[in-house]
1. Name the long-range amide H neighbours of A:Leu36: under 5 Å, sequence gap of 5 or more, or other chain; modelled H, no Pro or chain starts.
2. If you average the C-alpha positions of the stretch D:234-305 and of the stretch E:79-136 separately, how far apart do those two centres end up, in angstrom?
3. Pick from E:Arg310, E:Arg209, E:Arg25 the residue whose mean-square fluctuation is largest in a GNM of chain E, springs joining Cα atoms under 10 Å.
4. What FRET efficiency comes out for B:Asn225 versus A:Asn4 if R0 is 35 angstrom and r is the Cβ-Cβ distance? Round to the nearest 0.05.
5. Using a 10 Å Cβ count of at most 14 others and DSSP loop calls, identify the longest part of chain B lacking such trypsin sites (Lys or Arg not before Pro).
6. Peptide D:275-288: average number of partner chain Cβ atoms within 10 Å per residue?
7. Among the lysines in the stretch A:89-171, how many pairs, 8 or more places apart or on different chains, have alpha carbons under 23 Å apart?
8. Could you tell me what percent of the accessible area of the protein assembly as shown is made up of carbon and sulfur, with a 1.4 Å probe and every protein chain present?
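The values are calculated or read from the model by the stated rules, or taken from the named source; none is laboratory data. Worth saying up front: this structure is predicted, and the values here are computed from it rather than measured. Here Cβ is always computed from backbone atoms with ideal geometry, including for glycine, and neighbour counts include all displayed protein chains. To get the accessible areas, we keep the full protein, side chains included, count just its heavy atoms, and leave off ligands, DNA and RNA. Shrake-Rupley method; radii C 1.70, N 1.55, O 1.52, S 1.80 Å.
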Amino acid sequence: MSENVLELKNITMKFGGVTALNEVNLVVKKGEILALIGPNGAGKTTVFNVITGVYKPTSGDVVFQGESIVGIKRFKITKLGIARTFQNIRLFGESTALENVVTGADVHSKSGVVGAIFGTPRSRREEKANLARALELLDFMGIKKRAGQLGKNLPYGDQRRLEIARALATNPKLLLLDEPAAGFNPAEKVALAETIKKIRDAGYTVLLIEHDMSLIMGVSDRVAVLDFGTKIADGTTTEVQNDPRVIEAYLGAPADAS
Amino acid sequence: MRLEIKDLRVHYGKIEAIKGVSVVVNEGEIVTLIGANGAGKTTMLKTISGLRPVTSGQILFNGEDISKMPAFKRADLGLSQAPEGRGIFVGMTVLENLEMGKYNRKDRKKEMAEDLEKVYHLFPRLKERAFQAGGTLSGGEQQMLAIGRALMSRPKVLLLDEPSMGLAPLMIQNIFNIITEINKTGVTILLVEQNAQQALQRAHRAYVLEVGNVVKEAKASDLLNDPAVRAAYLGTGAH
Amino acid sequence: MKKNRVLAVVAAVAIATSSFVAFAPSASAACSSKLKIAYQGPLTGPEAALGINELNGVKFALKRFLAANKSANVDPVVYEVDDQGDPAVAGPIAPKVAAEECVVALVGPAYSGASKVSLPVYLSAGLPIITPSATNPTLPDFGKSIFHRAVLTDDYQGPALARLVTSRVKNAKVFLVNDASDYAVGLQKTVDITLAGRVVGKDVTPTGTTDFTATIAKIKKSGATAVIYSGYFSQAAVFVKQLRDSGSKIVFASGDGTLDNQFIKLARKAAEGVLLSAPAIPMETASPKLAAEMVKAGWTPGVYTTESYDAANFFLEAIKAGNTDRASINKYVSTKSSKGLSKVLKFDAQGEVSGADVNGFVIKNGKIVLLGAIKA
Amino acid sequence: MDFALLRDAFWGLTFDGIALGAIYALISLGYTLVYGVLRLINFAHSEVFMIGTFAALVAASGIMGVKVEDDPRTGGSMILTLLVCLLVAMLASAITAVLVEIVAYRRLRQRGATKLATLISAIGVSISLVELFRIITDSLPREFPRIMEKTFLFSYAGADIRNDKVIVIIAAGLMMFALERFITKTRLGKGIRAVSMDENTSTLMGVNINRVITVTFFAGGIMAGAAAFFYILVYENTSFKVGFFLGISAFTAAVLGGIGNLKGALFGGFALGLMETWTSAVFGTAWKAVISFIILVLVLLIKPTGLFGESIQQARV
Amino acid sequence: MANLKSSLNLRDKGAEYWERSPKWRRVALSIFFIAICYALPFLNNPLINTPGSDFQSVLFYPVGMYVLMAIGLNIVVGKSGLLDLGYVAFFAIGAYTMAILGTKTALNFWEILPIGVGLAMLSGVLLGTPTLRLRGDYLAIVTLGFGEIVRIFAVNTDSIGGSRGIAGIPTPPDFFNAKFTILDPKPYYWLLLTFTLLIIWMVRRMAARRPGRAWDAIRQDDDVAQLMGINTRKYKVWAFVLGAAVAGVGGVVYASQILSIVPDQFNLNISILILACVVFGGIGNVWGVILGAVLLAFTPERIRFLSQPRILVFGIALVVMMNLRPDGILPKKKREHFDPDWHTVEESGEGEIK
């Protein structure tokens, strides 16, 4: 049960003179939902970018399923089994919802350009399978009726759901969700929490960035807190909530502070 | 100088980001908009300063509807903004960045020394770095520069978009102290903040924005003690 | 309901288009109106200057002919064929020209590349052509019986140009420069062969070169006493100007591409003393009187104006002699001769002009002065 | 390959290369200015240059009454003629550039059109201007009268230093200095820089983007017009085709230095002028374009945004 | 007004009609339109005639050739969003392969065709592999340079004819009753049309499958595409190579028709004109691209009677049209499907997933 899917070891990330991440250590265990919290600009998204290969850390190591993935190309990291969503939704807006998800599902296909031109049996088979999987996922996220609509024309909430469906389509061992509830009303947040649990129950491991404390407390197994590029706490939700450093940095200093 | 927003609607493509919001900022007040990421706070500020077109509704600045006025002209009215992400001109020196804040002031030369002095007084750090390129500043210094630059135009209303973002706790305190100080010199402030705790402590009144709607409007101190608000935005309501 | 409307539209389009098939023009009927003389060459695009020179020659010839033969059944307007000097453009045009039943003769094409594409089409349509300026030696293969050429090919001009230089410069050491065009490369090749051991260096300055610094440095270093430039007048003028401005006084010689009053206009003083060879002759040299008359009529003569004038006149003589169709006109120009301004036009079996000379010229006091035929 | 020539005539080639490079640099400044502000390649900029050359010509013959057969002028009359030609060329190019922006860019920009649509629109303007001038000039090149006698000032290490090229180098340097001052010191110049760094924030500062864009095209036009005059002063002829040949070289220079970066355009211009002259000597003039492009590709493979990089590094993800 | 506008939108109407049609009607319509295309050389009539040039020849060049190349360039620029300003190079490579092998070996057209296409593709790989990591405008100048290098190389290399080019290129052998001669452009047109239809079919197939989705993703957001597991580099090179292959086909066919080629035919203007076709018609939409190519190739021939100002008018038309319709005449615009079961159509291979 306590098998580590992902380990960040002493990750430091510098941009020019600015240190975005400072010696961050983080472990994600198989089958859990780990929430990463911290103020805006604390470096949470930078963590995601380091994990997915967008940034190469200045120092430190990222170990995914026992192997270092530092320096591996982004698309290969996705193939290895890490998928993500984005804080500021980045769908393929000119593609339909279904196409968005099939694009994700294509990751593990073997057929390429030649197969497509000549319509080889494998290509046909894979097309069919990916399409089926994509529809299944749209259904899973409750947006099957949007399949034929363009990504950019979907309502805001469905765009967020579609991003998750697209990420799931790559069949990830680890799913990174970057503020999936941003812009959601409370009812939607509740529904999302259910969905995230459902995703976990379906066998995925989830690393989640979120601001909404009620959501975090509702879904996460563990919480890690980043502040100004440094991890200041890591533990169960209750532990973290009562950590004085966390209260000071994130939850806000006591009202009489000024 | 009163800023009044009436039944504002804004679209991104087909998505309605602001769904009929009304906000009033009275002269001399600090008013804050709080809400989760994606609630439409930044869109509100962008629309007020003219970077986003209005679908419907009015933006009244001292009684005049400016909702159709080009953005660059709104700056001349005395509406000044320190934008999200700070918007520092990275290739310009700190001094040049500050000068940009006075871009359209008729008597810019005459006022320059005076205003620079004021800004340097508020942010002594900027004086030290006057000839350094904006891009080499730290996050906190950039935020100071963004606010300082906005002040250079002698604004009547100052729009601040998440001034605490990415700053260390100490720096956050610092920035908010300065915001209060600026307000005391008579500048009306509309503040968008993620750090609700700080924002509510400093502001006179506040609006809670949720998915493009105002769901609550009250005195800031009242909201600070509102259990629902605490639960949703102050993170301390869960227990 | 809606479907039916769309179907109806489709049906209407189908009927309409099929009815157009019936309107398609039927294959060649005899010409029922006035006979037309065509000119083909670049009339627009970057090469247009040469084409306009030649077109003006044809227009002038036609004007004079009609003034002298008021009752002639010839259209006073030249049938203009603009191939931009580009084979790709010439491709679609040539069949159209061939299909115009009233076009009985064509002066041109001006360029060899466009000729290679056009000639097979004209051959099949029996349309006689006289080209005033396409000097590629292989062209008779493409045009066979309908091909005639009013100038000598590069095979003649090159050696003559080389001899012109060696006859005027003792122990000439020659530097060769060309502009990388089809014409220039061909010309330089024969110059090179004739000069044999006297060539001390070469450079290629492609069309569009504006700065000849490096070339001039090479020339100076080579110790050359003469430069032979193969290319066209506009670039030759830039080149010779820079050569003179660099302080060099060595002999500058060039071929027919440079034989144009525009060259003098552009190069000014630097043009003084430049040697030129050409199977052609400027209108002003051949007949100052006609040149003046032409200018008065609103056309400036340039390079190959004389040759096009002669070519057009040959065709007009054929028509005057009572020939009204392509075949008979072709037979007339292939067998008879015409006394032109530049030379007597008399074509051999290949369609090449025979008994013509390559002339030598020198520029003196801003005028092109004929030195006479360059002897073998 | 003739390395001996490069060695023997090195200083002469270098001097001429710098003079040519100065002209390239002035033109490439126009590409880079527009790119900096709009992130678009102004494909019609070569024609802005072309029109400058014709304007200088008209100024000489029309305004100053210089006839092609006249002897070169001297003294005050010469200086006046040169200055008038320079000013007229700069003005004509600048006005053309502004018109190009209005016709080819403005409407498309306001409608948020794609980069490619704007590119084609600019190409359309370029084609139209070339054809217009081809028709006006009867497809013939035009000569520029010699206003100033060309003399050698002195010789250095085998290099003959000629007065007109010295003037070009010095004057071009002054122009660039003036541009640099304009961009860094004046209010409008700062507006240009601000817009190139962050358009939205500039608007918030009260910068009128439309005006800044107009000024940018105008400034690029001034530089192209100066280049046009210097070109015609040295080479003394022009034709409707002249923009095409110089335009490509200047554009290459701008990219070499890092398009959008003024220093890059300057450096790129001089580097390309030198490179063309040197490689012409070594490999033959026919291959200079090939070698220049190969060097450009090599530079880009090592530094994907040119030698000096773009003025702003765009953040990714 | 909005209503009127939408009712005038023939593209949407047409697409709607197409989508609602049963399969038999689609087949019938396709056959009808293809038949019209093949019959075009006989539909020479005053409406579409080209005064001053031969209509049947114009159908082959420039119209047919521009259409083919625009479809090829659309794979590069329209589908995957890479700005290529040196596309003519691949056309030149195809043409030169035909010219050299046709005149120097005993190989005939059909044997040279795959070689020419292969060489064009190879050069696509050689150019694409190192340069495709460059961003937009830098890629543009590098490809532009490549186009010029190929031309300059041809001009300066005597062994392939230098600036004189190569003459006497053989025509394709007779094909049943079709005789390929310079005098009759019809068989060439039909040959070109057949290739074009084949390529359209292939492109549509690819577009509906994995590569099409990958290109869509790359064009819209390169970074996210990578994070979705797409090897963007590989697909970019593929786009380049396929575009090159199409131009290669065009080059081989062109050389066999025109019989002699010179390097200056393969100049920068062709690259720019083909790009203009793509953008003018509606980038990314194959029908728009075809329409753009037809218009831009046909218009200068149609207005030949204007003679002098012909190109000027063409240039002005380009500016005016881009200002009026910045997304092209038939812009790529996906229609949405609100029927959740629409994708079943796709499985039949006729869907609109592009």
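1. Close amide H contacts, sequence-distant or interchain: A:Leu208, A:Ile209, A:Glu210, A:Ala224.
2. Each part's Cα centre sits 26 Å from the other's.
3. E:Arg25
4. After rounding, the FRET efficiency stands at 0.25.
5. Result for the longest clean stretch: B:107-239.
6. Across the residues of D:275-288, the mean count of other-chain Cβ atoms within 10 Å is 5.
7. Lysine pairs, 8 or more places apart or on different chains, close enough: 4.
8. 60 percent
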